[in-house]
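Structure, as structure tokens:
The values are calculated or read from the model by the stated rules, or taken from the named source; none is laboratory data. In this text, all values refer to a predicted model and were calculated from it rather than measured experimentally. FYI the Cβ positions are ideal-geometry reconstructions off the backbone, even for glycines, and counts take in every protein chain you see.
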Amino acid sequence: MASYEDKQQTAILIPPLRQGRFNLTVSSVGGISITQAVTARENKEGLYDWKFFNAIINPSSDTSGVMLKVLHDKSSMRKLLGISKLVSKEYGTLAEHILVQAWRAKEILDQEGVSDPGHVIPCYKMARLVSLFLSGDVKEVENILPVIQRVTEGNGLDVTRVKDLLQKYIDPNLYEEHSPEIDRAIRWCSVLLGPMAAPQPYVEANYPLSQIPKYAKLFKSILSAKELYGTLNEKRQLPLDVVFSNKVSRLAPYMSFCQVEYILTHRNRFDWQAVDLRRLRYVYSVKKKVLDINESYGGLSFLPQSFFMSVFVGEATRASLRARVPKDNKESVPGQIKRSTSTIGLLRNRLGNLGEWNEMTFKNKTESNMLSPAQIAMIRSQQKRSVVNTDKSNVPSFTEDDAASYELGDSLLGPCDVAILLQAGLTSSLKSSTVVQLNQRMLIDLIASQPNSFAVAVLAEIGTPGGDGSPRSLASALMALLELDQSSFIPENQLNMHSLLEKWLQGYKMPRREDYLAGGRWARQSYYDAIFLVAEQILADAEVYFALKNHIQHVRHSTESDDIPQPKELQISRIIESNNDQGVTAEYKESKVMKAVGLAKQRILEADEAGQEAIKELREGESTKWKGERGKACQRAIEFYFKAFDACSKLLDVDKLAFQLDWFKDFWRRNYDALMVKSLYDNVDSNIDHVREWLDLLKKGGEGLSSDPQYFQKSDKHEQDILDEIINAIFFDEKERTFIQADPLVRLLISNPPGLYDFTIISAMGVITEGEKGEELAAAFERLKEKRGVEVIRANTGTARSLEYNAGKIEEAIQLALSKEKKPYGLLGYSQGCANSLTAESMLISGTPLQQEYSKYLVCRQLLFSAANGSMHGVALNIKIPKLIVMCEEAFKYHQGYFSRACIRFVLEALNDMMDSSAFQKFLGGAQSLLPEGCCTFWREAQNKIDVPTCVLRGVLEHHTTPESLEMVSHLLTKQSGSELHDSQVHVYDAVGHPKYLKNRNRDVMLSCDMGGSIQRTHHWSPLEEEVEYVSTTKDKTNFVFHCAKDRHIFPWVDVNARFGVIKYVSDSIGEGEKK
């Protein structure tokens, strides 16, 4: 590279990059990856081998180490700085200064022995490192430490003190020259690190959109999912009705891939009309291809994708235009759904009246077919005068049915398909290439050829990554769409995207970026805020499309007005109360259900009475063994309790909803808490992991507890005293502790009979997870399998991904489990995994008949620290993010006068690329699920099984149970929620097994299934250990904060369900566990 003005030159490639070989693999959707070459020559190794190139193309956590090594390779970086200085001496010098400081920071970290984040987290250590970086010694530690402690305590950044420190150690001339930038950067950090006043969520009625009357009446002539499957499954020996066949083929683009696949595989090809079968098959192939692209687009790793897509997009859009339903002969397509003439049809008919537009814009082009649909729609939007059409034959007639029905498109690509393909183009690394621009134009032409409702649906799909409506996602896509690169087209053929969108979105005024830059008419306002408001309104207007989507894709098994099934005891009790006939009353009282209810209540009462006698015997005993000898009273009580378990189990056989009865729930909850204590006691007894040390430190930090520092590590303690200490140490609420300590079920330490369970666990972990490769609760899962034969299948969920994406992975895990053996299964969710699991359950219940069959094997749920009701962290971030974006926007406006237009355009395009990237869009989809509105959307449409008991595990942080890495987020949550009753991520009253902030039928269903669980002294990361090792500090390890009892997260849940017969024993396995 050379600079002719300065007569300087430098080599672009360093010697190690000038030779070598690797394998370049291109996938079917245009994804590229680099692997080690298979060659007879010696493979090149070192910093710049195949891993380096793969890290550039596929940046990820796995490749970050390679790029860090390159960053700290001074010879390579100096070569890069030389190139930068040739391009711009000023920015090259700035880059050099930043790089030198980065090298210096690395040297300080190496000298201090810092290799993991956990080494930096302690406040004093962090203050020491900052002092060494600023001053070269530790003299500023006393001034820096209060700043860090203030941030850690959730009080935000001390702006004044930070400015004083920087002014003291930054070159005066440099500080003076860049003081505005430094001030903005500090204020930006202050907003990022400080608490944010967040509005408290409120309870509201929120019903499924497809059942809201104003939307439901629009879909009367459109097949619902329930009607679709019902018709497909009846009279299978006969061909399908012609009208039905046509309706299904017309609706196919609006269906999900699973639906189309089920339709094609479930009925014989001869049952369909030939033309409809061809359309269905084509839609199937289109959706299959789009499904592959959905998770594979954006960035350098998909550089050639546009070339792979061009043929597919061209054929799909052309086929869609060819397949349009004829307007002149509606009878030629039997049973066609009525729809008004499309927007493009109206515009084509009126094109002859556009006069000067044809002459001015297209000069000698007089044939209307030379104009693309998007160009015609754009012209119509820009036309200022009224056009009077005197040709009455061209004016579409609107019937009453048209006005009262949703206007469907006739494209072979559905709104979701078009949105994915459009998004793939917006995130492409080759936006300026002709191929990408042609792909985008074909898609835009296709949208313009459809009714305006289709365009709204496409934009809504872009704004709902993974099914959760996100205005931020749509706002970033709108900014990219409005600035669509059309440089490959001549000016006459370029589209005015603002006018086109305003045509599609009647009544909208699309913001123009130039109006919000310095010197523009709205310079004082934020362009991002303006776009965001438009995005919010689009999603609000798209509610009718979401209602249609749910109507077509999801089976609603009941309406909001349907009665919720209740336990038979309640039903019979109401009948008895309302009936004066003594004979009828006596008959009901003697029914099988009422006898089972009476027997279960009697057995529980007898067992509790015997249990109180047993407690006296236990207290009077003098045994000092780990397991005290059982006297006659204890043995008698245990026998009675087993009779009570058996009676309750038999009641559930008669009435599967009996567990929802208040008295049954109370008994279930007591057993769940008793098994929780039993699990901890067994861990202490067997010295599992570090449970004894953890309990000692937990007990030491609690209020009013024994001061013996090694209580659990001694073997001379009385069994009942150990139970008291366990209960005091682990349970947070005083009333719950008192109740649990007095419960005979707890005191007797009753175990389930030995044997293997006929049961499988489907595990879905939190927002940050490695999916099927994760190690959360691995040791506990292994112990459960060894003891009870329960296999755990980890769902391959993704980090910060949407509910719909993760639910799909959970569904795959369920299919895998049932493909091995048709065993009952339970859903184990942790944090966001709870919402993911419940979404998967809902998708199965409302899905195809095959999916519904999978849901029949679900028997129980366990929710660990559930974030299914959202988190106040999400609410606060939702306020912070736009504020930070606006602050950045203001900084750009300030610098606009100092930089060229080309530089400004480059920066804006870079920001657009980042915000519209695949990774950013996927992150927004995942973040949306943590917001109350995202959770309400999920709960609004959810359908959950009513006969599945739900156990929960909740926690509250205290000073002695808080990991140092969670101190800041814990204090922030306290200030943002107004309460200390949380586990650092979710509030204790939100971590329940039912919706908290909306009311509908499914909420009542989930409330009846919520069996609860006592609040424990613990933190949100309780199930984690190896996964958080890199952030564990010395204090955390000393206090065994992460080395806590893991069995309690799963053993009590599985055992309580087995105790009441929800989980069955494997035949002929009784006693097998005892032999082991």
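Values computed for the structure shown
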quantity	calculated
Which listed residue, of Ser499, Ser558, is under 30 Å from Lys945 (Cβ atoms), surrounded by fewer than 22 Cβ atoms within 10 Å (Cβ to Cβ), of a type in the set (Gly, Ala, Ser) and modelled with pLDDT of 90 or more	Ser558
Candidate set: segment 502-533, residues that are modelled with pLDDT of 90 or more and of a type in the set (A, V, I, L, M); chosen: the one nearest to Ala475 (Cα to Cα)	Ile531
Any chance Arg521 is free of Cβ contacts under 8 Å to residues at least 24 places away in the same chain and either surrounded by fewer than 18 Cβ atoms within 10 Å (Cβ to Cβ) or more than 27 Å from the chain's Cα centre (by Cα) (or both)	yes
One residue from Val988, Val992, Val1056 being closer than 20 Å to Glu736 by Cβ and in contact with a Lys or Arg (Cβ under 7 Å, 6 or more places away or on another chain)	Val988
Residue identified as crowded, with 19+ Cβ neighbours inside 10 Å, closer than 28 Å to Tyr202 by Cα and at pLDDT below 85 among Gly833, Gly870, Gly829, Gly874	Gly874
Listing of helices (runs of 4 or more DSSP H) fully contained in segment 32-96 that carry 3 or more residues being surrounded by 17 or more Cβ atoms within 10 Å (Cβ to Cβ), outside the structural domain of Glu770 (by TED's automatic domain parsing) and modelled with pLDDT of 70 or more	50-57, 74-87
Within segment 240-271, considering residues that are surrounded by fewer than 22 Cβ atoms within 10 Å (Cβ to Cβ) and in contact with a Phe, Trp or Tyr (Cβ under 7 Å, 6 or more places away or on another chain), the one farthest from Ser846 (Cα to Cα)	Leu240
Residue pairs meeting the criteria (Cβ under 6 Å; at least 6 apart or on separate chains; first within 12 Å of Ala600 (Cβ to Cβ), in segment 649-667; second among the aromatic types (Phe, Trp, Tyr))	Ser649/Phe1060; Ala658/Phe664
Any chance Ser476 is among the hydroxyl-bearing types (Ser, Thr, Tyr) and farther than 24 Å from Lys287 by Cα	yes
Members of segment 843-863 that are among the aliphatic types (A, V, I, L, M), in contact with a helix residue (DSSP H, G or I) (Cβ under 6 Å, 6 or more places away or on another chain) and part of a strand (DSSP E or B)	Leu863
Search result, residues across segment 794-804 that are buried (at least 22 other Cβ atoms within 10 Å of the Cβ) and not in a loop (DSSP other than H, G, I, E, B)	Arg794, Leu803
Answer residue from segment 503-558, given it is part of a helix (DSSP H, G or I) and aromatic (Phe, Trp, Tyr) and is farthest from Ile462 (Cα to Cα) among those	Tyr516
Qualifying residue in segment 149-159 (condition: of a type in the set (S, T, N, Q) and loosely packed, with under 14 Cβ neighbours inside 10 Å)	no
Single match in Asp696, Asp689 (criterion: in a loop (DSSP other than H, G, I, E, B), of a type in the set (D, E, K, R) and modelled with pLDDT under 95)	Asp689
Count - residues of segment 168-222 that are over 25 Å from Asp158 (Cα atoms) and of a type in the set (S, T, N, Q)	5
Lone qualifier among Ser245, Ser210 - being more than 28 Å from the chain's Cα centre (by Cα), small (Gly, Ala, Ser) and assigned by TED's automatic domain parsing to the domain that holds Ala540	Ser245
Pair list, Cβ under 8 Å, 6 or more apart: segment 466-492 residue closer than 13 Å to Glu933 by Cβ, other residue at pLDDT 85 or above and of a type in the set (Phe, Trp, Tyr)	Asp468/Phe938; Gly469/Phe546; Pro471/Phe532; Arg472/Phe532
Leading residue by the ranking (nearest to Pro146 (Cα to Cα)) among those in segment 111-129 that are part of a helix (DSSP H, G or I) and more than 37 Å from the chain's Cα centre (by Cα)	Arg128
Residue satisfying condition, being farther than 29 Å from Lys893 by Cβ, exposed (fewer than 13 other Cβ atoms within 10 Å of the Cβ) and in contact with a Lys or Arg (Cβ under 8 Å, 6 or more places away or on another chain), within set Glu204, Glu142	Glu204
Selection count, segment 761-791, where residues are of a type outside the set (Phe, Trp, Tyr), crowded, with 20+ Cβ neighbours inside 10 Å and closer than 29 Å to Leu930 by Cα	12
Unmet criterion (only one of (1) under 21 Å from the mean Cα position of the chain (by Cα); (2) in a helix (DSSP H, G or I); (3) under 30 Å from Ile212 (Cβ atoms)) for Val992	(2)
Checking Met1011 against (1) assigned to a loop (DSSP other than H, G, I, E, B); (2) crowded, with 22+ Cβ neighbours inside 10 Å; (3) among the hydrophobic types (A, V, I, L, M, F, W, C), the condition it does not meet	(1)
Near pairs, Cβ below 6 angstrom, 6+ apart or cross-chain, from segment 744-772 (outside the structural domain of Ser819 (by TED's automatic domain parsing) and part of a helix (DSSP H, G or I)) to any residue that is surrounded by fewer than 22 Cβ atoms within 10 Å (Cβ to Cβ) and modelled with pLDDT of 95 or more	Leu745/Arg670
Count of segment 877-899 residues which are at pLDDT 85 or above and outside any helix (DSSP H, G or I)	0
Matching option when the condition is touching a residue at least 12 places away in the same chain (Cβ under 8 Å), within 24 Å of the chain's Cα centre (by Cα) and farther than 20 Å from Trp939 by Cβ, among Leu1007, Leu1024	Leu1024
Residue within segment 435-449 that is surrounded by fewer than 23 Cβ atoms within 10 Å (Cβ to Cβ), over 29 Å from the mean Cα position of the chain (by Cα), within 27 Å of Glu536 (Cβ to Cβ) and touching a residue at least 60 places away in the same chain (Cβ under 8 Å) present	no
Condition check for Tyr297: among the aromatic types (Phe, Trp, Tyr), farther than 24 Å from Val435 by Cα and out of contact with any strand residue (DSSP E or B) (no Cβ under 6 Å at 6 or more places or on another chain)	no
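Okay, residues lined up against (1) in a helix (DSSP H, G or I); (2) closer than 16 Å to Val986 by Cβ; (3) within 16 Å of the chain's Cα centre (by Cα):
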residue: Gly934; (1), (2), (3): yes, yes, yes
residue: Thr937; (1), (2), (3): yes, no, yes
residue: Asn944; (1), (2), (3): no, no, no
residue: Val948; (1), (2), (3): no, no, no
residue: Cys951; (1), (2), (3): no, no, no
residue: Arg954; (1), (2), (3): no, yes, no
